[in-house]
Amino acid sequence: MRYLQVDNAPKPLTINSVRFVRRHYELDRSRSSFRSSNPMLNQVWDLMKHSLTLGAQETFVDTPTREKAGFLGDAWSQGVAAMTTMGDRTMNLRVLLEFLDSQDQYWLDGRLNAVYPNSDGRRDIPDYTQSYLVWVWDYFMQTGNTEFLRANYNRLRKIGDYVDAHRHESTGLIHNLAGGGGDYLYGIIDWPPQMRYGYDMSVASRTVINAYACVDYDILARIATVLGHGVDRERYTQRARAMRRAINTHLLTARGVYCDGLNADGSRSPHISQHANMFPLALGIVPDAQYASVLAAVKERQMSVGMVTVRWLTEALGESDQGPHLMRLYTDTDWDGWARTILLGATATWESWNADTNGQSMSHPWGAAGLIGIHQYILGIRPLKPQHELVQVKPLAFGTSLSGAAGTLPTDRGDISVDWNRNNERFLMTVTLPDNVTARVYLPKCGISGAALKVDGVEVTGTEEDGYVFLDNIGSGIHTFERAAAPRGRK
């Protein structure tokens with residue numbers, strides 16, 4: 001709150017005339033930490049982490065200063081970051097269940113409300129419904145809450161059936177996924193509109209919508225596997241495979257990049273967006289022959305997405321092992337992004353990268369979704385099995401753009417800490433794992449030949465894989481990993 005104005009007061013007002021009721025959900029800031037050799041990256045972390053606390057107003061609100069509504073897309077962006085940064089479990093579960101309640105109340109076909117609970121009535125955004133299943137899997141990997149999957153399995157399947165009901169018979173692509181209205185008709189893609197960076201909204205089969213369909217089917221297959229539903233597992237696995245084929249058959253251009261979608265007459269959109277290429281890259285859809293051209297299309301567009309989809313951009317770059325470019329995404333003040341927002345005086349993430357020029361919200365916590373990329377690719381921590389029973393520790397190779405990072409993240413089994421430093425001749429990393437957690441640990445090769453490394457001072461040989469050396473089955477405790485160039489005169 002900046003000020004309070006009362007007109008025509010019936011009596012003189014003093015500070016004692018006013019009372020405020022504080023409404024919030026208490027996220028625990030102490031659960032995580034992060035510092036690196038790059039001061040701007042540290043500021044970006046602090047900006048996003050602080051923004052999470054602003055949006056936790058009894059639900060994950062879109063902004064505490066304007067609508068104050070619990071939008072599904074906003075809640076997913078904030079909720080996952082709140083789990084990995086603040087250790088939240090309670091509000092994520094409650095909000096997940098509330099959106100399923102909206103399906104029961106309004107949507108027999110399997111959709112979810114775009115904002116709930118509130119007084120809007122039936123109001124959906126198609127790709128917000130699609131993103132819900134991604135959130136479900138994020139939640140399960142953090143918590144291992146199998147009972148949530150089991151109790152709500154039929155409602156989760158209805159989301160997949162809603163999407164599949166719009167599959168075009170001749171192309172196999174999702175065609176005009178029903179829902180939304182106005183600027184949201186058939187899907188929001190990104191928001192505000194200028195954050196679409198020219199995405200072709202006139203197409204009938206949108207590449208982003210179809211990429212979401214692919215990951216939705218894949219997640220439903222994983223859920224069916226967890227619950228032992230073999231028939232469903234096979235059904236959704238086949239749907240995911242068919243969707244990959246349809247995307248690569250119809251949406252890849254002769255230039256080896258993805259267009260924004262197909263028009264109603266089956267012709268391809270002439271527009272090539274970062275959105276249309278980062279989704280397939282992040283989700284493992286791109287064929288090997290087109291991988292380099294799709295990656296180039298993503299990188300040359302710098303930051304050309306908004307906060308609705310920015311998580312997929314960090315994952316597209318991270319999964320492609322593009323450490324130096326990922327660093328620029330977080331820290332380059334000449335690009336749209338968090339660093340430029342800080343340069344412009346932001347104290348919270350904004351509704352858009354240029355919210356300062358158009359009256360949009362300058363306190364919009366969905367930008368905190370960028371925390372996930374820092375966790376996964378700079379600290380390198382991600383769960384490989386639910387509830388962090390097995391984790392991967394794999395900081396990317398950043399060359400000269402980053403020489404070190406350290407941080408701690410919470411899990412249900414205890415905190416995981418990573419502290420790594422690199423110079424021209426050595427990569428040194430200390431990893432702290434709680435009880436009942438096992439890790440697969442990767443070290444960048446850093447130009448050092450061979451697979452030799454030291455673990456807790458003992459020389460061992462790891463396994464080489466795509467520019468990294470890794471060791472499996474690292475148990476709980478504090479472990480030090482080191483790769484160093486052989487002294488001159490020795491091999």
Query raised in the report: Counting other C-beta atoms within 10 Å, which of Trp76, Trp137, Trp191 has the fewest, and how do the rest follow?
Result: Trp137, Trp191, Trp76
Report summary line: Expressed in angstrom and rounded, the centroid-to-centroid distance over alpha carbons for the stretch 166-244 and the stretch 118-148 is 14 Å
**Report entry** Helix-only [θ]222 nm of the chain, DSSP H runs n ≥ 4, -39500 (n - 2.57) each, per residue, nearest 500
**Finding:** -11000 deg cm²/dmol
Query raised in the report: Can you list residues whose amide H is under 5 Å from Val437's amide H, if they're 5+ apart or on another chain and H is modeled 1.01 Å from N?
Result: Ser476
Query raised in the report: Could you give the semi-axes, largest first, of the ellipsoid that matches the stretch 390-484, computed as the square roots of 5 times the alpha carbon gyration tensor eigenvalues and rounded to whole Å?
Result: 21, 15, 11
Report summary line: Taking Asp419, Asp161 and counting other beta carbon atoms within 10 angstrom, the fewest-first order is Asp161, Asp419
Requested in this report: Give the Kirkwood hydrodynamic radius (Å, one decimal) of the stretch 51-166, defined as one over the mean of 1/r across all pairs of different Cα atoms.
Outcome: 14.2 Å
Requested in this report: Measure off 7 Å from each Cα along the Cα-to-Cβ vector at Glu169 and Gln105, then give the distance between these two points in nanometres to one decimal.
Outcome: 3.8 nm
Query raised in the report: Tell me which lysines have Cα within less than 27 Å of Lys158's Cα, excluding those fewer than 8 residues away on the same chain?
Result: Lys385
Query raised in the report: Can you give the FRET efficiency for Arg241 and Asp46, using 1/(1 + (r/R0)^6), R0 = 60 Å, r = Cβ-Cβ distance, to the nearest 0.05?
Result: 0.90
Query - Per-residue HN-Hα couplings for the stretch 441-458 [Karplus 6.51, -1.76, 1.60; θ = phi - 60°; Hz; x = Gly/Pro] - result: 10, 10, 10, x, 5, 6, x, 8, 6, x, 10, 6, 7, 10, 10, 6, x, 9
Query raised in the report: To one decimal place, what orientation-averaged projected area in nm² is obtained for the convex hull of the Cα set of the chain?
Result: 26.5 nm²
Report summary line: Looking only at aspartates and glutamates whose Cα falls under 12 Å of Lys445's and that sit 8 or more positions away or on another chain, we get Glu425, Glu464, Glu465, Asp466, Glu482
Requested in this report: Could you give the size of the charge dipole of the stretch 1-133 about its Cα centre, using +1 on the Cβ of each K and R and -1 on the Cβ of each D and E, expressed in debye and rounded to the nearest 20?
Outcome: 640 debye
Requested in this report: May I ask you to compute the full-extension gain from Asn118 to Leu227, defined as 0.36 nm times their residue separation minus their alpha-carbon distance, rounded to one decimal in nm?
Outcome: 36.0 nm
Query raised in the report: So who's got an amide H within less than 5 Å of the one on Ser363, skipping anything under 5 residues away but keeping other chains? H placed 1.01 Å off N, in plane.
Result: Glu351
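Bear in mind these aren't lab numbers, they're just calculated from the coordinates by the rules spelled out. This one's a predicted model, so the numbers in the text were calculated from it and none came from an experiment. FYI the Cβ positions are ideal-geometry reconstructions off the backbone, even for glycines, and counts take in every protein chain you see.
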